[in-house]
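A short worksheet on the structure shown next.
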Amino acid sequence: MTATLTLEQRGAQAWIWLARPDVHNAFNPQLIQELTEALTALQARADARVIVLASHGKSFCAGADLNWMQSAGQLDDAANLADARQLAALFRVLYRSSKPTIARVQGAALGGGMGLVAACDLAVCTPAARFALSEVRLGLIPAVIGPYVAEAIGARQMRRYALTAEPIDAARALTLGLVHEVTDEGELDRTVDQLAEHLVRGGPRALDAAKDLLRHLGTGPGDDAVLDDCAARIARLRQGAEAREGLAAFLDKRAPGWQGDV
């Protein structure tokens, strides 16, 4: 446990709980640093096969603490840029996690909170969840989170919501592809568990490689460089011990070794 987070191990799942409920789990420099450090540390943990990002209180994350944003704007150019880069580093670490990530959303996810959802691999929310890119109404823009939200819902849809800042309800978030499941609040943890069970059946190295592949598909099948890169990736992976074990286990009609402790 830290000043802004609660860490919990549930079998093969590592749960990170945002723990600033009195301010709707809004970002401040300490939360940004501690969340970045927690995510980084989990990359080396063999017992953490899946990372769940959750939060205490009514809201998932209300985005940036406005007092922090106001004070950051009064810094000199170098300090202001360094501060913004710390937030950018958090999203980079979350998005590039070698472990699959699931966002568990029970309430409002605004601005940077919506960015956290978009940066996770999977997202589950309750019908009460609400999302918005509300930055323009504060004289700001969804810059740091922009690449992740654009990937999650598409650039055309982001154009609408980044400019209008209109609220997005759970049903619309599902249609947009921001979340993968909408489930009753009482079923939220069970739904996360079910998704995590599917994830831990995959080989750890294969899951990491699949995430890296998805980040590098680029312009798609019309680009020969992309196609060559995909061929090289599978050639490298199938020579490895994990692929040999997975194929042998399937042919032997047994579970592969990495499923033995989950």
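Tabulated data for the structure shown
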| quantity | calculated |
| --- | --- |
| Calculated FRET efficiency for the pair SER71/ALA248, C-beta based, R₀ 51 Å, to 0.05 | 0.30 |
| Computed over the chain: relative contact order in percent, which uses C-alpha pairs under 8 Å that are six or more apart | 15 percent |
| Degrees between helix 241-252 axis and first principal axis of the chain (Cα, 0 to 90, nearest 10) | 60 degrees |
| Projected label distance in nm at ALA206 and ALA89, using a 7 Å step from Cα toward the beta-carbon | 3.5 nm |
| Of HIS216, PHE250, VAL226, farthest towards positive along the dipole that unit charges on Lys, Arg, Asp, Glu beta carbons give the stretch 203-259 | PHE250 |
| Dipole of the chain, positive end: most advanced residue of THR191, LEU87, LEU42 [Cβ charges, Cα centre] | THR191 |
| FRET efficiency, ARG215 to ALA235 (Cβ-Cβ, R0 22 Å, nearest 0.05) | 0.70 |
| Centroid-to-centroid separation of the stretch 40-89 and the stretch 109-130 [C-alpha atoms, Å] | 14 Å |
| Calculated [θ] (222 nm, deg cm²/dmol) that DSSP helices of n ≥ 4 give over the chain, each run adding -39,500 (n - 2.57) | -14500 deg cm²/dmol |
| Inter-centroid distance (Cα atoms) of the stretch 150-194 relative to the stretch 229-262, Å | 33 Å |
| Angle in degrees between helix 188-200 and the longest Cα principal axis of the chain, rounded to the nearest 10 | 40 degrees |
| Cα gyration tensor shape for the stretch 5-199, rounded if a/c is under 1.5, else prolate or oblate | oblate |
| Around GLN86: net Lys/Arg minus Asp/Glu count, Cβ-Cβ under 14 Å | -2 |
| Using alpha-carbon coordinates, inclination of helix 77-95 to the longest axis of the chain, degrees | 40 degrees |
| Length-normalised contact order of the stretch 70-176 in % [C-alpha pairs under 8 Å, at least 6 apart] | 24 percent |
| With eigenvalues of the C-alpha gyration tensor scaled by 5 and rooted, the stretch 203-259, Å | 27, 11, 8 |
| Computed magnitude of the charge dipole of the chain (debye, nearest 20; Cβ of K, R +1, Cβ of D, E -1) | 400 debye |
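Bear in mind these aren't lab numbers, they're just calculated from the coordinates by the rules spelled out. As the structure is a prediction and not an experimental result, all values here were calculated from the model. Neighbour counts run over all protein chains shown; Cβ positions are idealised from the backbone, glycine included.
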